[in-house]
Amino acid sequence: MKTGGEMAGKIISLKGVTKTYKADGVSFDAVRGVDLDIIEGERISIMGPSGSGKSTLMHMVGLLDVPTKGHIYINGEDVSKKSENELAYIRGKTIGFVFQSFYLVPSLNALENVALPMMFYRIEKEEREKRAKEILKEFGIGEKLANYPNQLSGGQRQRVAIARSLANDPKIILADEPTGNLDSKSGEEVLKVFDDLHQREGRTLVTVTHERYVAERAERIVHIRDGLIEKIEKVDENKRETVRGRGLVK
């Protein structure tokens, strides 16, 4: 167990994390002994080619999967050996997820999709709807509360998905290729939402992406190859400001 001093300021810490899969009697290490510390309020990007292990790493950071070896600390607590119920509780209260494919419930309207995560923590319906309305209005889609996912544009669906990720006020937002299914204009709008979440609200933001212009909005870029961290690149503040100011330029 790490002491408070060792973990101070680190909201996420990976120590020797390995993920091994087995198929047809053959073992394969998707992630191999990764060490990584993420400071509270930091924004990082994870980049790597297909099959590099970046999504597997994201799933373990998000407690959607568990390491075969090594330890993962969230807010200084070792979560590596927690039960599925314990992980689900920590995940729901601490981490918000945004995915490329949105994963909105098609039978629920925008308001109901955003309110859904709060149901699992026994928040009263009136409070759930009030908070969902506030978040959607803040994201500029307050007039779309009654619209179902198939009645929204791609950019609007992703903003609903981001709003849903904030329902339980998590400290950490994990985004997996959040602009992958969007056109340039909608993608830039979504990236500006992330800019705001990080700069104004100080949330810790981890983004998996294969797009350089998306990665450069972060403070650090973690490059993954063959299940290992190849290098960690610090992004110059002037470059981040330039990327945010010019929009989608590849």
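For the stretch 179-225, a residue qualifies if it is out of contact with any Leu (no Cβ under 7 Å at 6 or more places or on another chain), without any contact (Cβ under 8 Å) to a residue 60 or more places away in the chain and of a type in the set (A, V, I, L, M), and the qualifying residues are Leu182, Leu191, Val193.
Scanning the stretch 195-235 for residues that are in a helix (DSSP H, G or I) and under 21 Å from Gly48 (Cα atoms) turns up Arg212, Tyr213, Val214, Ala215. Considering the stretch 139-173, and only residues there that are assigned to a helix (DSSP H, G or I) and of a type in the set (A, V, I, L, M), the residue that is farthest from the chain's Cα centre (by Cα) turns out to be Val160. Residue selection: Tyr148 satisfies the criterion of being more than 13 Å from Ala167 (Cβ to Cβ) and among the hydroxyl-bearing types (Ser, Thr, Tyr). Evaluation of Ser45 against the conditions (1) crowded, with 21+ Cβ neighbours inside 10 Å; (2) farther than 17 Å from Ala175 by Cα; (3) not hydrophobic (A, V, I, L, M, F, W, C) shows that the sole unmet condition is (2). Identify all residues within the stretch 59-104 that are among the small types (Gly, Ala, Ser) and within 20 Å of Leu36 (Cα to Cα); write none if there are none. Of everything in the stretch 59-104, those that are among the small types (Gly, Ala, Ser) and within 20 Å of Leu36 (Cα to Cα) turn out to be Gly62, Gly70, Gly76, Ser80, Gly96.
Of the strands (runs of 3 or more DSSP E) lying entirely inside the stretch 43-124, those containing at least 2 residues that are over 14 Å from the mean Cα position of the chain (by Cα) and either within 21 Å of Ile162 (Cβ to Cβ) or modelled with pLDDT of 90 or more (or both) span 69-74.
The values are calculated or read from the model by the stated rules, or taken from the named source; none is laboratory data. Being a predicted model, the structure only gives us computed values, none of them experimental. Don't worry about glycine lacking a Cβ; one is built from the backbone with ideal geometry, like all the others, and counts go over all protein chains shown.
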